[in-house]
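The structure appears right after this line, and notes come after that.
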Amino acid sequence: MAGETTSLGTGAVTRRAQADGEVVRKLRAAGAVVVGKTNLSELQIWALTASATWGVTRNPWNLERSPGGTSGGSAVAAAAGMTAVAHGVDGGGSIRLPAAWCGLVGFKPAPDPAAVSWEAWHGLAVHGPLARSVRDAALLAAVLAGDPRPAASGLVAAVRRPPGRLRIAVTVSPPTRAPVDAAVRDAVLRTARVLEGLGHSVEERDVFGGLLDAQRVGLAVLVRFLGGTRAYAAGLERPERLEPRTRTVVRVGRLVPERALGAAQRAQAGEQRRLATALADVDALLMPVSARVAPRADAWDGLGATRAFARQSRLIPFTPPWNLVGWPALALPAARDPNGIPIGVQLVAAPGREPVLFSLAAQLETAQPWRTSSSDLVD
């Protein structure tokens, strides 16, 4: 945004933008009122939104808990009713995780060269919406995709259209050995039962163990993530201001050879072909967003890079694979944990099937309505 600093959650960036970026231009052209900028984790690395420079961002449903990250500030703005919708960037779950923990709809589209350009993490990251309703998420997604008539877009039309009888595969088994909280598992299986009650064909399927090479996917995501972080750091005006654990990630990123990035690109193509064949008989997938319920906002204070990464990998095993293979994924509220914090579920479909996701999500929104804002908790 012109005149503002895009800080990337760090004090290492000091320059102010000379003109509006592409996202802001698209929003203004669509008639949006741009309120301001929100917080994220340093260099968009971490799944909790907290930094030494900008402080800790807290979940509006419970101020002791985290809203997730990296687009945690955007999620808080929408969930607290500060804004109608918010923009986020998702390179491994950074829209879907905050949506899940803040009771929002969050959409990660498939990469589209005609939409908002974004080269973070060598193409893993895409722009997307966070909103309190499926329709609002569809509208903002259409704006970000550059649709000249977003209110009449295919995504918005899909929200008003019944999805028909779909074939849905459900899994609560992650691609790693990460433990899945009982409340998360129950939210997914309860949603599966709702879908069955709506007339859909629902079957459990070991999506990750049977269809994706989890080790290959995880390594490819990590290599592109580290290479992208290295590229971020190369343009910082004051790199000495980075937090110690972020500096560690940058140093490791500098060790990633270019040939490893090429191998990661080839892994993506291979997994895309594998999925397209194996899931040809499925219209959508249902699974958790995160393996755990939202932790304390300060849960990672004092952790070094190794321990923070270990916790992060156990927290979000269900989201990064869809960034690698480029499949659209939509998070939506499904339940609340014993402390009242929202729990989201994730719907995934093949590229080109985005209207199916929005139509199905709108049907679920009607079948099991949720509070649209944390401000609803105030009498």
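The values are calculated or read from the model by the stated rules, or taken from the named source; none is laboratory data. Being a predicted model, the structure only gives us computed values, none of them experimental. Positions of Cβ are backbone-derived with ideal geometry, glycine not excepted, and every protein chain shown enters the neighbour counts. Just so you know, the surface numbers come from the protein's heavy atoms only, side chains and all, with ligands and any DNA or RNA stripped out. Shrake-Rupley method; radii C 1.70, N 1.55, O 1.52, S 1.80 Å.
Here are the numbers for the structure shown:
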item: Scan of the range 313-326 for residues that are open to solvent by 20 Å² or more (accessible area, probe 1.4 Å) and of a type outside the set (Ser, Thr, Tyr), ordered by number; result: Arg314, Ile316, Pro320
item: Total residues in the range 357-367, condition buried (at least 19 other Cβ atoms within 10 Å of the Cβ), of a type in the set (A, V, I, L, M) and over 16 Å from Gly326 (Cα atoms); result: 4
item: Counted residues, the range 152-171 - those being surrounded by fewer than 13 Cβ atoms within 10 Å (Cβ to Cβ) and either under 21 Å from the mean Cα position of the chain (by Cα) or modelled with pLDDT under 95 (or both); result: 1
item: Those helices (runs of 4 or more DSSP H) lying entirely in the range 268-379 with at least 1 residues under 22 Å from Glu64 (Cβ atoms), modelled with pLDDT under 95 and of a type outside the set (Val, Ile, Thr); result: 305-315
item: Selection within the range 189-217 - open to solvent by 10 Å² or more (accessible area, probe 1.4 Å), part of a helix (DSSP H, G or I) and in contact with a Ser or Thr (Cβ under 7 Å, 6 or more places away or on another chain); result: Gly209, Ala214
item: Single condition Asp186 does not satisfy, out of (1) in a helix (DSSP H, G or I); (2) of a type outside the set (Gly, Ala, Ser); (3) buried (at least 18 other Cβ atoms within 10 Å of the Cβ); result: (3)
item: Tally of residues being assigned to a strand (DSSP E or B) and under 14 Å from Ala77 (Cα atoms) across the range 92-108; result: 2
item: Count - residues of the range 108-151 that are among the small types (Gly, Ala, Ser), at pLDDT 90 or above and within 30 Å of Val223 (Cα to Cα); result: 4
item: Single residue of the range 242-259 satisfying the filter (among the charged types (D, E, K, R) and without any contact (Cβ under 8 Å) to a residue 60 or more places away in the chain) that is nearest to Gly304 (Cα to Cα); result: Arg247
item: Residues located in the range 59-69, provided they are within 8 Å of Pro98 (Cβ to Cβ) and out of contact with any strand residue (DSSP E or B) (no Cβ under 7 Å at 6 or more places or on another chain); result: Gly68, Gly69
item: Answer from Gly21, Gly103, Gly11 - the residue that is modelled with pLDDT under 90 and in contact with a strand residue (DSSP E or B) (Cβ under 9 Å, 6 or more places away or on another chain); result: Gly11
item: Top-ranked residue in the range 291-302 [being open to solvent by less than 10 Å² (accessible area, probe 1.4 Å) and touching a helix residue (DSSP H, G or I) at 6+ places or on another chain (Cβ under 8 Å); ranked as farthest from Arg177 (Cα to Cα)]; result: Ala294
item: Number of positions in the range 172-183 that are within 25 Å of Asp281 (Cβ to Cβ) and open to solvent by 20 Å² or more (accessible area, probe 1.4 Å); result: 3
item: Of the criteria (1) in a loop (DSSP other than H, G, I, E, B); (2) surrounded by 24 or more Cβ atoms within 10 Å (Cβ to Cβ), which one Leu43 fails; result: (1)
item: Filter result for the condition that a residue is modelled with pLDDT under 85 and surrounded by 13 or more Cβ atoms within 10 Å (Cβ to Cβ), over Gly228, Gly235; result: Gly228
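A quick yes/no check of all residues on (1) in contact with a Lys or Arg (Cβ under 9 Å, 6 or more places away or on another chain); (2) small (Gly, Ala, Ser); (3) over 29 Å from Thr277 (Cα atoms):
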site	(1), (2), (3)
Gly146	yes, yes, yes
Arg167	no, no, no
Val180	yes, no, no
Leu189	no, no, no
Leu195	no, no, no
Gly209	no, yes, no
Gln215	no, no, no
Thr229	no, no, yes
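Matching residues to (1) open to solvent by less than 10 Å² (accessible area, probe 1.4 Å); (2) farther than 30 Å from Gly154 by Cα; (3) touching a residue at least 60 places away in the same chain (Cβ under 8 Å):
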| residue | (1), (2), (3) |
| --- | --- |
| Gly3 | no, yes, no |
| Leu27 | no, no, yes |
| Trp54 | no, yes, no |
| Asn59 | yes, yes, yes |
| Leu63 | no, yes, yes |
| Gly69 | yes, no, no |
